[in-house]
Amino acid sequence: MQAVVLAAGKGTRLRPLTEDKPKVLVEVDEKPLIEDVFDNLIEIGATEFVVVVGYQKERIIERYGDEYAGVPITYAHQREQLGLAHAILQAEPHIDDDFMLMLGDNVFRANLGDVINRQREERADAAFLVEEVPYEEASRYGVCDTNEYGEIVEVMEKPDDPPTNLVMTGFYTFTPAIFHACHLVQPSDRGEYELPDAIDLLIQSGRTIDAIRMDGWRIDVGYPEDRDRAEERLAEPVTVQTE
């Protein structure tokens, strides 16, 4: 399955770590964020990377060229950072079928493969890895509501009064139908083309989106303290459960 990696952001909230580099080249445990993303995606079967680049894109392209660990890389250019739905559209010419999508600033140690398996069942048009967070933190994320079957019935981008504490984590699978929805999205109050708005259009058109509960952890590296927190988690000993 092809994998789209969103890597166009400036990372202004990560300064001073991003003063001389794009966000995805910030190192966590001596490894750039984007390499951790690549390694996770390879582990679950990525056959090609489509990397959406923008800010200081030359640094990323020069570093990785046309492949990483034997997996070919195609670059798509987002000349203006106008939201995630806009970023996804830059990858559209390069996508042939169902694909994975991962944000380039997330560190995952979780059950990503479960999302891929659900997508391959062909019952769902999309599948998202979701997690429960404290209610007071939910307004920082894309919040989703589900029905009794575990299907997502509504998504909201950073709502002031979240109806649930179930949030999207930054790992998704989609059919190419998401591109049509992204084309229909109108700019939000922030002037951006928001991914939750595109997802809502999929839901309204009758598409099925499954929520896969996260087993493990992930850290969205948005601030310098998040980088420190990720390094602490990665340093923790791995516990192996036995029967």
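The values are calculated or read from the model by the stated rules, or taken from the named source; none is laboratory data. It should be emphasised that the depicted structure is a prediction, and the values quoted were computed from it without experimental measurement. Quick reminder, even Gly has a Cβ in these numbers, built from the backbone with ideal geometry, and neighbours come from all protein chains shown. The area values use the complete protein model at the heavy-atom level, side chains included, leaving out ligands, DNA and RNA. Shrake-Rupley method; radii C 1.70, N 1.55, O 1.52, S 1.80 Å.
Okay, here's what the table says:
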{"item": "C-alpha center-to-center spacing [segment 142-161, segment 25-79] in angstrom", "result": "30 Å"}
{"item": "Ranked packing of 9-21, 197-209, most packed first, by mean Cβ within 10 Å", "result": "197-209, 9-21"}
{"item": "Sites ASP145 and LEU234 - FRET efficiency at Förster radius 22 Å, r taken between beta-carbons, to 0.05", "result": "0.10"}
{"item": "Helical mean residue ellipticity (222 nm; -39500 (n - 2.57) per DSSP H run of 4+; nearest 500) of the chain", "result": "-8000 deg cm²/dmol"}
{"item": "Spin-label model distance (nm) - MET1 vs ASP189, 7 Å beyond Cα toward Cβ", "result": "3.4 nm"}
{"item": "Length released on extending from GLU154 to TYR223, taking residue separation times 0.36 nm less the Cα-Cα span", "result": "22.0 nm"}
{"item": "Residues of type lysines that LYS31 reaches as a straight line, Cα spacing below 22 Å, ignoring anything fewer than 8 places off in the same chain", "result": "LYS10, LYS21, LYS23, LYS57"}
{"item": "Among 188-195, 173-180, the order from most to least packed when residues are scored by Cβ within 10 Å on average", "result": "173-180, 188-195"}
{"item": "Rounded to the nearest 20 debye, dipole of segment 95-243 from Cβ charges on Lys, Arg, Asp, Glu", "result": "280 debye"}
{"item": "Relative contact order of segment 1-160, pairs being alpha-carbon contacts under 8 Å that are 6 or more residues apart, as %", "result": "24 percent"}
{"item": "Cα-based equivalent ellipsoid, segment 98-243: semi-axes from gyration tensor eigenvalues, Å", "result": "26, 20, 14"}
{"item": "Accessible surface of the chain [probe 1.4 Å, protein heavy atoms]: carbon and sulfur percent", "result": "42 percent"}
